[in-house]
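Asker: Below is the structure I would like to discuss, written out as structure tokens.
The values are calculated or read from the model by the stated rules, or taken from the named source; none is laboratory data. Computed from a prediction, not measured in an experiment: that's the story for all the values here. Cβ placement follows ideal geometry from the backbone for every residue including glycine, while neighbour counts extend to all protein chains displayed.
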């Protein structure tokens with residue numbers, strides 16, 4: 001593989017990312033999946049980068065999951081998104097940053113639709129006005145939160161305490177990057193690096209010292225795929241997609257997987273447990289699986305945040321082997337304590353996927 | 001000003017037009033930007049459908065210019081002035097030359113396969129273009145993978161950059177289907193142990209002996225043809241390639257591992273053609289190729305009196321059609337000059 005070939009493509013897919021004053025909208029599902037990620041993003045933006053980032057409690061779902069599952073019509077989705085824009089406008093912001101990839105895809109699709117069909121935008125404005133009395137400005141800049149972390153990856157590296165280097169061998173960690181479908185597949189020009197060889201996560205991994213693995217099923221679905229999971233009868237497709245990816249990446253011995261979508265880390269993480277129970281298969285070293293991280297979690301790790309403060313204890317696949325490789329300390333007895341020191345409960349040990357015992 | 005004609009572009013079209021104009025008694029100057037004439041065809045080993053050496057055709061076209069054509073290579077045209085009496089061509093490092101008529105025969109460029117990012121050209125070592133394969137044949141090199149192994153399985157991908165809305169080219173490049181069939185046979189001939197699979201949308205075997213060649217490829221050489229466009233190409237740890245496609249005849253997705261992939265790159269309008277066209281005020285169609293005065297009955301002349309077109313500046317064309325077209329252009333130039341004289 002010629003990395004130069006990829007670099008030439010990356011040059012063609014750059015995008016403008018606002019430098020400050022973000023109106024941040026959370027995901028519907030991420031706080032249940034990996035509850036520390038959004039909190040870590042806010043902490044990095046405010047405490048490390050000293051940026052103005054605003055949230056408004058009136059923000060609701062964008063309806064993207066319903067839209068992509070064919071239960072919410074586009075017209076409804078557009079009106080709901082128009083309402084989010086009105087909240088941004090009322091809050092005095094014009095740079096819109098989403099936590100969710102599907103939201104980012106939906107916002108991009110709607111802005112693109114309005115660009116090409118101004119009469120649709122006007123109709124949606126009327127719908128919103130009649131229903132709520134609200135008006136809105138369109139965002140000056142739309143970004144995904146991974147774009148923002150990408151933009152400040154050098155600053156994070158400069159403030160960082162750790163690098164993606166195996167402390168025992170001194171070699172870069174080998175990382176699989178997996179991009180959410182709705183990040184750039186619909187509009188390659190709206191994602192850093194385009195659709196075929198996205199750069200947004202690669203840029204973080206390279207900047208923070210790791211090396212990226214290019215494996216044959218790199219573009220394949222994580223297993224979520226909306227209808228292949230949301231429709232219960234289709235879940236065989238979901239887990240077989242995930243298995244296909246793991247079978248393909250396994251020969252490259254990845255140290256971990258980095259993602260930028262709400263669903264991808266959920267399915268790449270949880271289905272490893274399900275596969276181990278169903279098939280007796282485990283991936284990664286010594287039966288521990290391959291850890292799956294969100295980009296906020298990884299940024300937090302690089303910055304030296306306590307692993308349990310950024311939510312790494314709620315992963316199905318244990319992250320301790322990775323923390324040990326990098327040399328990040330952690331307090332095992334604290335793993336399953338709440339922030340106020342209470343016992344939150346501990347998951348039952350799986351049959352095949354191993355819990356990690358610190359050596 | 002005498003009856004001089006300047007032909008811009010020294011490929012098959014330009015050389016043929018220049019030769020035919022000289023045969024008609026006109027003074028001809030042929031300008032070529034490269035160091036030698038011959039265009040794309042000089043890089044081609046054998047030609048479809050008979051697989052005769054391309055050199056034979058180039059020798060014929062070269063000789064057809066005789067001694068009546070003044071040729072200049074390594075020429076960069078800077079600007080072209082129009083006057084009532086004709087045209088003056090200004091060039092880098094030489095005196096301007098005037099002529100009554102211009103023939104634009106600047107041809108085409110090959111589609112840049114990097115633009116089909118999902119096929120991995122320029123990223124994966126064993127993805128090459130049809131032009132690169134032809135070069136291997138022409139130079140008599142051994143066909144090997146990037147690490148020097150003899151390929152045991154190869155795929156040929158049709159319509160790369162042609163009939164593809166995603167890259168903005170809706171037109172058919174006309175010559176790639178039969179080139180793919182020819183190259184598949186030549187791979188099998190060179191490497192009898194190598195399986196060859198072609199991925200196509202339609203096989204447009206429109207001309208004489210094309211369909212026969214397609215049959216020969218299947219019956220004599222055992223080339224596999226799968227109707228389906230490649231969706232993506234990825235690399236295995238051993239640098240072989242995994243292809244994903246849909247076999248649209250069976251309606252099923254398929255995966256195929258091959259050692260090498262050949263991308264049949266189509267025609268695109270040339271940057272030089274656009275530049276020259278702007279100098280004389282010619283328009284291009286939506287596909288980027290130049291517009292003639294009338295697509296049916298005045299296909300060699302243009303909206304600018306005294307400016308004529310020959311060959312693939314008007315769109316993809318095979319050698320046979322290019323030669324016929326260039327000869328027709330020469331006759332139209334002669335007719336135009338005769339009419340001027342009569343007036």
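Asker: Identify the single condition in (1) over 29 Å from residue A:48 (Cα atoms); (2) more than 14 Å from chain B (Cβ to nearest Cβ) that residue A:296 does not satisfy, given that it satisfies every other one.
Answerer: (1)
Asker: For residues that are touching a helix residue (DSSP H, G or I) at 6+ places or on another chain (Cβ under 9 Å) and in a loop (DSSP other than H, G, I, E, B), scanning just the stretch B:307-318, find the one that is surrounded by the most Cβ atoms within 10 Å (Cβ to Cβ).
Answerer: Taking the candidates together, the pick is B:310.
Asker: Given the structure, is residue B:254 farther than 28 Å from residue B:42 by Cα and assigned to a strand (DSSP E or B)?
Answerer: yes
Asker: Quick one: in the stretch B:214-248, of everything that is away from chain A (no Cβ under 14 Å) and assigned to a loop (DSSP other than H, G, I, E, B), which residue is modelled with the lowest pLDDT?
Answerer: Filtering the stretch B:214-248 for residues that are away from chain A (no Cβ under 14 Å) and assigned to a loop (DSSP other than H, G, I, E, B), the one modelled with the lowest pLDDT comes out as B:229.
Asker: Among the residues of the stretch A:64-98, which ones are modelled with pLDDT under 95 and on the phi > 0 side of the Ramachandran plot?
Answerer: A:70
Asker: Starting from the stretch B:80-97, keep only residues that are over 18 Å from residue B:341 (Cβ atoms), then list their pairs with residues that are in a loop (DSSP other than H, G, I, E, B) whose Cβ atoms are within a distance under 6 Å, requiring at least 6 positions of separation or different chains.
Answerer: Final answer for the pair search is B:91/B:75; B:92/B:76.
For every residue, the table says whether it meets (1) modelled with pLDDT of 95 or more; (2) in a loop (DSSP other than H, G, I, E, B); (3) out of contact with any helix residue (DSSP H, G or I) (no Cβ under 8 Å at 6 or more places or on another chain).
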position	(1), (2), (3)
B:103	yes, no, no
B:123	yes, yes, no
B:131	yes, no, no
B:137	yes, no, no
B:140	yes, yes, yes
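Asker: Filter the stretch A:169-184 for residues that are touching a residue at least 24 places away in the same chain (Cβ under 8 Å) and surrounded by fewer than 20 Cβ atoms within 10 Å (Cβ to Cβ) and give the result.
Answerer: Within the stretch A:169-184, A:172, A:174 qualify.
Asker: Could you pull out every one of the helices (runs of 4 or more DSSP H) wholly within the stretch A:200-277 that has 3 or more residues that are within 14 Å of chain B (Cβ to nearest Cβ)? First the steps, then the outcome.
Answerer: Working: elements: A:200-207, A:227-230, A:235-249.
In the stretch A:200-277, the matching helices (runs of 4 or more DSSP H) lie at A:235-249.
Asker: Which one of A:1, A:88 is within 14 Å of chain B (Cβ to nearest Cβ), in contact (Cβ under 8 Å) with a residue 24 or more places away in the chain and in contact with a strand residue (DSSP E or B) (Cβ under 7 Å, 6 or more places away or on another chain)?
Answerer: Among A:1, A:88, only A:1 is within 14 Å of chain B (Cβ to nearest Cβ), in contact (Cβ under 8 Å) with a residue 24 or more places away in the chain and in contact with a strand residue (DSSP E or B) (Cβ under 7 Å, 6 or more places away or on another chain).
Asker: Continuing with the same structure: What is the one condition in (1) assigned to a helix (DSSP H, G or I); (2) at pLDDT 95 or above; (3) within 14 Å of chain A (Cβ to nearest Cβ) that residue B:166 does not satisfy?
Answerer: If we test residue B:166 against (1) assigned to a helix (DSSP H, G or I); (2) at pLDDT 95 or above; (3) within 14 Å of chain A (Cβ to nearest Cβ), just (2) comes out false.
Rundown of residues vs (1) touching a helix residue (DSSP H, G or I) at 6+ places or on another chain (Cβ under 6 Å); (2) in a helix (DSSP H, G or I); (3) on the phi > 0 side of the Ramachandran plot, yes/no style:
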{"residue": "B:264", "(1), (2), (3)": "yes, no, no"}
{"residue": "B:268", "(1), (2), (3)": "no, no, no"}
{"residue": "B:278", "(1), (2), (3)": "no, yes, no"}
{"residue": "B:288", "(1), (2), (3)": "no, no, yes"}
{"residue": "B:304", "(1), (2), (3)": "yes, no, no"}
{"residue": "B:320", "(1), (2), (3)": "no, yes, no"}
{"residue": "B:335", "(1), (2), (3)": "no, yes, no"}
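Asker: When the residues of the stretch A:186-197 are filtered to those that are closer than 15 Å to residue A:105 by Cβ and touching a residue at least 24 places away in the same chain (Cβ under 8 Å), which remaining residue is nearest to the other protein chains (Cβ to nearest Cβ)?
Answerer: The residue in question is A:194.
Asker: Going by what's in this entry, would residue B:61 be described as in contact with a strand residue (DSSP E or B) (Cβ under 7 Å, 6 or more places away or on another chain), outside any strand (DSSP E or B), over 27 Å from residue B:195 (Cβ atoms) and in the same structural domain as residue B:276 (by TED's automatic domain parsing)?
Answerer: Here the answer is no, as residue B:61 does not meet what is asked.
Asker: Something else about it: Out of everything in the stretch B:110-158 that is on the phi > 0 side of the Ramachandran plot and surrounded by fewer than 23 Cβ atoms within 10 Å (Cβ to Cβ), what residue ends up being nearest to the other protein chains (Cβ to nearest Cβ)? Talk me through it step by step, then tell me what you get.
Answerer: First, pick out the residues of the stretch B:110-158 that are on the phi > 0 side of the Ramachandran plot: B:120, B:122, B:140, B:148.
Subsequent filtering for residues that are surrounded by fewer than 23 Cβ atoms within 10 Å (Cβ to Cβ) retains B:122, B:140, B:148.
On the way: B:122: 4, B:140: 26, B:148: 17 Å.
Result: B:122.
Asker: Further question on the same structure: Looking at the stretch A:337-346, can you tell me whether even one residue there is over 24 Å from residue A:276 (Cα atoms), at pLDDT below 95 and not in a loop (DSSP other than H, G, I, E, B)?
Answerer: Yes, the stretch A:337-346 contains at least one residue that is over 24 Å from residue A:276 (Cα atoms), at pLDDT below 95 and not in a loop (DSSP other than H, G, I, E, B).
Asker: Ok, one more. For the stretch B:25-37, check the following and say yes or no: at least one residue is surrounded by fewer than 17 Cβ atoms within 10 Å (Cβ to Cβ), within 27 Å of residue B:184 (Cα to Cα) and touching a residue at least 40 places away in the same chain (Cβ under 8 Å).
Answerer: There is no residue in the stretch B:25-37 that is surrounded by fewer than 17 Cβ atoms within 10 Å (Cβ to Cβ), within 27 Å of residue B:184 (Cα to Cα) and touching a residue at least 40 places away in the same chain (Cβ under 8 Å).
Asker: Sort through A:156, A:192 and tell me the only one that's outside any loop (DSSP other than H, G, I, E, B), over 19 Å from residue A:64 (Cβ atoms) and not assigned by TED's automatic domain parsing to the domain that holds residue A:112.
Answerer: A:156
Asker: Sticking with this one: Which of the residues belonging to the stretch A:1-40 are within 24 Å of residue A:67 (Cβ to Cβ) and assigned to a helix (DSSP H, G or I)?
Answerer: A:30, A:31, A:32, A:33, A:37, A:38
Asker: Okay, next question. Does residue B:196 satisfy the condition of being more than 14 Å from chain A (Cβ to nearest Cβ) and in a helix (DSSP H, G or I)? Let's see the steps before the verdict.
Answerer: Values: more than 14 Å from chain A (Cβ to nearest Cβ): yes; in a helix (DSSP H, G or I): no.
Judged against the criteria, residue B:196 is not a match.
Asker: Any chance you could count how many residues in the stretch B:219-228 are in contact with a strand residue (DSSP E or B) (Cβ under 7 Å, 6 or more places away or on another chain) and either over 13 Å from residue B:158 (Cβ atoms) or surrounded by fewer than 17 Cβ atoms within 10 Å (Cβ to Cβ) (or both)?
Answerer: 1
Asker: Among the residues of the stretch A:109-139, how many are part of a helix (DSSP H, G or I) and free of Cβ contacts under 8 Å to residues at least 60 places away in the same chain?
Answerer: Of the residues in the stretch A:109-139, 21 are part of a helix (DSSP H, G or I) and free of Cβ contacts under 8 Å to residues at least 60 places away in the same chain.
Asker: Identify the single condition in (1) touching a residue at least 60 places away in the same chain (Cβ under 8 Å); (2) out of contact with any strand residue (DSSP E or B) (no Cβ under 6 Å at 6 or more places or on another chain) that residue B:173 does not satisfy, given that it satisfies every other one.
Answerer: The number of the failed condition is (2).
Asker: Then there is this: Determine, yes or no, whether residue A:285 is away from every other protein chain (no Cβ under 14 Å) and at pLDDT 95 or above.
Answerer: No: the conditions fail for residue A:285.
Asker: Please state which one of A:83, A:43 is over 24 Å from residue A:260 (Cα atoms) and either touching a helix residue (DSSP H, G or I) at 6+ places or on another chain (Cβ under 9 Å) or outside the structural domain of residue A:23 (by TED's automatic domain parsing) (or both).
Answerer: When all the criteria are applied, what remains is A:83.
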